[in-house]
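Coordinate-derived values only; no laboratory data. Remember, predicted model here, so these are calculated numbers, not experimental data. Virtual Cβ from ideal backbone geometry, glycine too; neighbours counted across all protein chains shown.
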Number of protein chains: 2
Amino acid sequence: MEILKEHRCFGGNVNFWQHDSTTIKTKMKFSTFTPPGEVKGALIWLSGLTCTDENFITKASAQKYLAEKQLMVICPDTSPRGLDLPNEHESYDFGSGASFYLNATTPGYSDHYRMYDYVAFEIYEILNTKFAARNRISIAGHSMGGHGALTIGLKEKDRFKSISAISPIVNPSQIPWGQKAFKGYLGDDQNMWKAHDACELVKSGITHMNPIMIDQGLKDDFLNRQLFPENFQGVCRMAGQELNLRMLEGYDHSYYFISSFIQDHIEFHSEFLK
Amino acid sequence: MEILKEHRCFGGNVNFWQHDSTTIKTKMKFSTFTPPGEVKGALIWLSGLTCTDENFITKASAQKYLAEKQLMVICPDTSPRGLDLPNEHESYDFGSGASFYLNATTPGYSDHYRMYDYVAFEIYEILNTKFAARNRISIAGHSMGGHGALTIGLKEKDRFKSISAISPIVNPSQIPWGQKAFKGYLGDDQNMWKAHDACELVKSGITHMNPIMIDQGLKDDFLNRQLFPENFQGVCRMAGQELNLRMLEGYDHSYYFISSFIQDHIEFHSEFLK
């Protein structure tokens, strides 16, 4: 693990890292913020389409609140980089920058696009072995990263203390972004898609022991084309999954929205990371 | 004045604007954050070399504190754009992105690089006429923008209620960045440079009625090559200019430093904008 950059921030450190991932089988980048003093818990933040390991750490304004709660954050990149798979670099919503945090099964992609295992196991172990997180780890994300946080957090509930998401994709098998990605990463059999769809997971009885927190802006251009948080609200209600969903007037899909409410998410997770 | 983008943020609005500047004689961009409710005062933020109107508004984490104090911020671009003057686009520290916030006198540049007048008069009037700032206006900036805030704020002390800077260039006529810029914008006569050098201004008796606040990181790569805040400290002491200079352990020249202390700057200015 190599440090590419380091910056003091709110008494702690922002670092940009590169390492040889055993899961992804290529070099991967991630960023961290570590608070001053002891690390009392860690949050994995998964970013959305087109993002890298830099967006959250530069634009979310989270460091102050992480420092106050003595939590660290780790932000993995949104896909493998430096490969040249079929159609990998043709569009913003498939391939590089658009992994959807699953283990791909299609030829070529199945060798490297194993972001589910990368996040749930390799990043998780880095948090324990390099950052002393001692399994006090939660997961959150934005948009495609919200999908990642919900699906990984639900399926690995023994590993993740709490889940939250901002403007998440909750029902990818029913929306254009998800359908394109799942076809490319998982193939045409839609039965295989269900294991990567948060609504389908909850519907099948997979729930989390703690409440899930979701914030959604009402002026989000993707709300009624790609997101449909009420679908998740419906299945949670039927499954008895506690959900704290806030629909927020005037906010859009940008980091200006994320920064406005990230304090609430950090305080939410800190309750379960104690 | 045309709105290019608008985002809700901390209950207020982030906007990106474009207008035909009468001072610069070309289109200029700036960004604003306006808090919810009445605007009780305005801060002009001047950015550093290579920045645009976007850096502060995306990376400084200032919106929360501005909203709390009901202050707005306006971030002008760091130079004219879309021109093609001699040597304008050859280097990062001269021409586009590097105006140094003065009124140029050299051929070609004298027609457009009039950023002093643009900030002190045109932007100032926009704050009064379009945003109801009612002359409750302060000025701050980073690096080259700190130089701009100090020189404009000192020379226009009747217009600006308070001045602060982060990692500012305080003595440009004595350092490589400033010498290159002043030669290009003002010509070879170094006597003409003094009117744009904060140390020279204070030495000549130009002071501000309120304390000046400066933060400087001790791990800043430019500290002992381009910045030398102690030069400003020395002349302020001799001139009786109250200065609150903090030298901060471990911090560098980046927005991670700015975001860590921007709350203090906003609270400082809010005292004088009441």
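For this structure, a couple of remarks:
- Here's the picture: charge each Lys and Arg Cβ at +1 and each Asp and Glu Cβ at -1 in chain A, and of A:16, A:124, A:169 the one pushed furthest to the positive end of that dipole is A:124.
- Translational diffusion coefficient (Stokes-Einstein; Kirkwood radius from C-alpha pairs) of the range B:135-267 at 37 °C, 0.692 mPa s, in µm²/s: 223 µm²/s
- Among chain A residues, the one whose Cβ is nearest the axis of the rotation from A to B, given with its distance rounded to whole Å, is A:61, 2.
- For the protein assembly as shown, calculated [θ]222 nm from helices alone, where every DSSP H run of n ≥ 4 adds -39500 (n - 2.57): -8500 deg cm²/dmol
- GNM on chain B, alpha-carbon springs under 10 angstrom: the most fluctuating residue among B:163, B:74, B:175 is B:175.
- Its residue count N fixes a reference of 2.2 N^0.38 Å for the protein assembly as shown, and the Cα radius of gyration divided by that reference is 1.04.
- Residue among B:252, B:158, B:215 with the largest mean-square fluctuation in a Gaussian network model of chain B, springs linking Cα atoms under 10 Å: B:158
- Sequence-distant lysines (8 or more away, or on other chains) whose Cα lies within less than 27 Å of residue A:155: A:25, A:27, A:29, A:40, A:69, A:130, A:180, A:183, A:194, A:203, A:274
- Couplings 3J(HN,Hα) of the range B:106-111, computed from phi: 7, x, x, 5, 5, 7 Hz, in residue order, whole Hz [Karplus 6.51 cos²θ - 1.76 cosθ + 1.60, θ = phi - 60°; x for Gly and Pro].
- Normalised Debye scattering of chain A at q = 0.08, 0.09, 0.14 Å⁻¹ gives log10 I(q)/I(0) of -0.28, -0.36, -0.92, counting only Cα atoms as equal scatterers and leaving out solvent.
- Per residue of B:4-15, other chain Cβ atoms within 10 Å of the residue Cβ number 5 on average.
- Amide hydrogen neighbours beyond the local backbone of residue B:73, cut-off 5 Å, H modeled: B:33, B:43
- Each peptide in B:89-102, B:177-190 was scored by the mean count of other Cβ atoms within 10 Å over its residues; highest first, the order is B:89-102, B:177-190.
- Chain A, dipole about Cα centre (Lys/Arg Cβ +1, Asp/Glu Cβ -1), debye to the nearest 20: 580 debye
- Pairwise FRET efficiency - residue B:191 versus residue A:130, Cβ, R0 = 56 Å, nearest 0.05: 0.45
- Simple point charges give the picture: +1 on the Cβ of Lys and Arg, -1 on the Cβ of Asp and Glu, and for the range A:45-146 a dipole about the Cα centre of about 620 debye.
- Between copies, the label points of residue B:105, set 7 Å from Cα on the Cα→Cβ line, lie 7.6 nm apart, reported in increasing order to one decimal in nanometres.
- Listed values for the range A:61-67 are Karplus-derived 3J(HN,Hα) couplings in whole Hz (6.51 cos²θ - 1.76 cosθ + 1.60, θ = phi - 60°), namely 6, 8, 4, 4, 6, 4, 4, and x replaces Gly and Pro.
- Take residue B:221, move 7 Å from Cα toward the beta carbon, and the resulting point lies 3.5 nm from the same point in each other copy, nearest first.
- Relative intensity of the range A:50-91 on a log10 scale, I(q)/I(0) at q = 0.28 Å⁻¹, equals -1.01, per a Debye sum over C-alpha point scatterers of equal strength in the absence of solvent.
- Counted charge near residue A:175, where neighbours are those whose Cβ lies closer than 12 Å (Asp, Glu -1; Lys, Arg +1): 0
- What the phi angles of the range A:2-12 give under the Karplus curve with 6.51, -1.76 and 1.60, with θ = phi - 60°, is a coupling list of 10, 7, 8, 8, 9, 9, 5, 7, 6, x, x Hz, glycine and proline written as x.
- For residue A:19, inter-copy label distances in nm, listed shortest first [label point 7 Å out on the Cα-Cβ vector]: 5.0
- Within the range B:192-274, the proportion of Cα pairs with more than 23 Å between them is 30 percent.
- Overall Cα dimensions of the range B:58-199 - principal axes, largest extent first, Å: 45, 32, 28
- Charge-dipole axis of chain B as Lys and Arg at +1 and Asp and Glu at -1 on Cβ define it, positive-most pick from B:108, B:187, B:229: B:229
- Net charge in the neighbourhood of residue B:207 (other residues with Cβ under 12 Å of its Cβ; Lys, Arg +1, Asp, Glu -1) is +3.
- Neighbouring Cβ atoms from other chains, within 10 Å of the Cβ of residues in B:62-75, number 1 on average.
- The relative contact order of chain B comes to 17 percent, based on Cα pairs under 8 Å that sit 6 or more residues apart.
- Note on chain A: GNM, Cα springs under 10 Å; of A:34, A:23, A:129, the largest mean-square fluctuation is that of A:129.
- Share of pairwise Cα-Cα distances greater than 21 Å in the range B:106-175 is 30 percent (whole percent).
- Look at the stretch A:54-60: the mean tally of other chain Cβ atoms within 10 Å of its residues' Cβ atoms is 2.
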